[in-house]
Structures are given as structure tokens and as C-alpha cells.
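Report on one structure; see the data block that follows.
No value in this document is a laboratory result; all are computed from the given coordinates. Predicted, not measured: the structure shown is a model, and the values here were computed from it. Glycine gets a Cβ as well: all are built from the backbone with ideal geometry, and neighbour counts include every protein chain shown.
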Amino acid sequence: MCKVRLLFGLLVFFSLGAHAQVLENYDGLWKSAREESWLGSNNRLDLNVDLKSFPESELRFKLPSKTTVFIDGKLWSLTVGDTVFFGSLQDFQNEFGKDSVLFTVVSPNLAARNTSIKKVLGRANLDESVVSPAINPLLARFVPQPVKDFYFTALFIILFFLALYKLAYPFLLAVMLQPLSVISADDFSDSGNLQKFFSFDIIFYLLIVAMMISQGVVTGLVVFRRDWLGAWIGLDYSSLLAMWLGGAFLILAFTIIKFIGIKLISYLFDLGKAEFSHFFYLLRLIVFGSSLVLIVGAYFVSNNFSGLESALSLLFLGFFWFYILGVLGLFLIMMSKLSFKKYHLFTYLCIAELVPFLILAKWIMALGQ
């Protein structure tokens, strides 16, 4: 009898030595987040994990390729290939300061057999590929599905509003988007002036432009200030969409205030009705630049999110100099079209355009750093 007990004890010992003891298995507790995005498929799972029980144990993660892991809404880990790794329960408690956390797994390859979190004592199957859960800076550029859903939802809404505007005001849209007007400066003729700034057609157009600018701003925050954005607002679909809409209305209000400021400065410099031509000339340049940002962003979000940071850096830098050249072109056009002293004209453009734009650019650079 003693020999049988000794043999059984040895079997248990070797069994626990070769394989970890599973203390809690969470495989059957995953919850689908199907309602998170009405554009996305069922590629997100949520799981609440207790960190208080078995404090000396570890969590064993088994994740498929191209998986993004969030803990309480914060980006925590990303994978390229099928991955198995371990994390100490004590480390999780020290990092998050909670007794339980919410794990969110986002991947196009989710399945019951290749996604698993277990609480174990001792590490099992050490021959498997084990990686550190620390975020790799290169892998951190992998696009989470909520960001992708937000980007194309916003783009779809912009195109839908643009189609409605084309049906309602085809002539006005053609005038505002005509590229040759940048060279010919038709806006500075008497027939080209837009006198009814606060009419519905103009405000609707400005709202569409504000939505384009806001989408570029939110995308830039996701790329350059992801940690700050995740901590304060979140990277989920609804938060990004709400921030985009709120930003669009704020930009619209700022645009209206800017026009009023240009009109006031133009009145002080006795430029007549040149503020309309001035405003819509530069607005056309902003529309061209924003359209390029959205098109390039759509390509990288769909195909290679890791290259979006460098692409946006070049685009924002190019837009800065594009706008500066636009102000210079505006100066040359106004100098030829208006009988006004060059010194006073230069002072007017510095007060109305250059100084505010340079202050805004400096603020954006500080935010990016």
C-alpha cells in the first residue's frame, strides 16, 4: 500500500513538474462585443479577470496572430504571430492597482481554440514561443479595429454630406472646388464675391470642411498621442466618433470667428469687400490639403497602419508650407488686384493670417511632442 502511495505521489510530482497546475480557466467566460461597431465583424472579446485570488500565480495567455490586447481600455500588448506568454498576477496588481481588470482582445483571427487566458501555478510547455508582454514600438502601430471603424465611418459621412451638397448646390460647389481659381483668382472679381456668408449653403459647406479637418486631427491624435488619448477619452469606436463630431462643431465655430475677425481687420484697413475673397481663397487651399490627408490616411489605415505616422508627419509638414505659400500667393494677388500700399497689405496679412497660423502651428508641435 505504501509503495502504491509513493508511486502515485511521484506521478503527481512529475506531472506538476512537467506541466503547470491550472488554478482558474477563463476559456468559457469570454463575452462577445458584437455591438461595439456596426461596421465591424465579431472580432472582439471581453473578459473580466480576478487578480485577488491566488496572488502567487501567473496568467497564461494564448493569442492568435494580429491580436491587440487592451486592459481597462488601455493598450497593453500586440502580437504579429501566434503567441504564448505569461504575466505575474502581482505585476498586474502593482500596475493597475485593482482587484479585477477587463481584458479586451481584438483580432480578425479570434476562435475558441486559439484564444485563451488561464491562471496557472508554474509555467507550462516552455518549448512554446514565449514573448514579453511589453509593447513593441513598431507593433504598437498595428491599427485597432475601433480606430479603423471610426475612420471609415467618418469618411462615409463626409462623402454622404458632400453628395447631398452637390445635389442641392452644384454650381456653388463647383466654384468652391475649382482648382484653376487658385491661379486665376476669380474670387477677387466683383462677380466672384460671396456676400451671404451666414446663409445655409455656406454654413453647410463650412461644416463639411470642418468635419474633414476634424477627422485629420483625431487621426493625428491616435497616431502621435495614443497614450494621452487612451487615458483621457479612450480608443473605442463611440469615443472617437463623439470626439470627431465635437471637434467638427468647434472648428466650425472657430471658422466663423475667424471670418468675423478677417472682416473686422479688413474694415480697419479699409479693404472694402476683400475679406470674402481672402477667406474663400485660403479655404479652398485647406480643402485641397485636407482631402489629400484623408485619401492618404485611408490607404494606410486599410493596408499599412505602421506607415501612417511617417506619412502624416510629411503631410502635416507639407500642409504647413503649402499654407504659407498660399498666403504669399494671396499677397501677390491682392497686390495686383487692389490699389493698396504693399506695406499696409503685408501688415494686414500678418495680423489676419500669418501670426495666428504660426501660433497654432507652434501649439500643434508642442502637443505632438
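Can you bin the range 250-352 into rounded, prolate or oblate? Criterion: square roots of the alpha carbon gyration tensor eigenvalues sorted a ≥ b ≥ c, rounded for a/c under 1.5, prolate for a/b above b/c, oblate for the rest. Since a/c reaches 1.5 and a/b is larger than b/c, the shape of the range 250-352 is classed as prolate. Compared with the direct C-alpha span, the chain from residue 164 to residue 339 gains 59.0 nm at full extension, assuming 0.36 nm per residue. Think of the range 245-369 as having a plus end and a minus end, set by charges on the Cβ of Lys, Arg, Asp and Glu; of 267, 363, 282, 267 sits farthest toward the positive end of this dipole.
Can you tell me how the range 145-368 classifies by the Cα gyration tensor, rounded, prolate or oblate, using a/c under 1.5 as the rounded cut? The shape class here is prolate.
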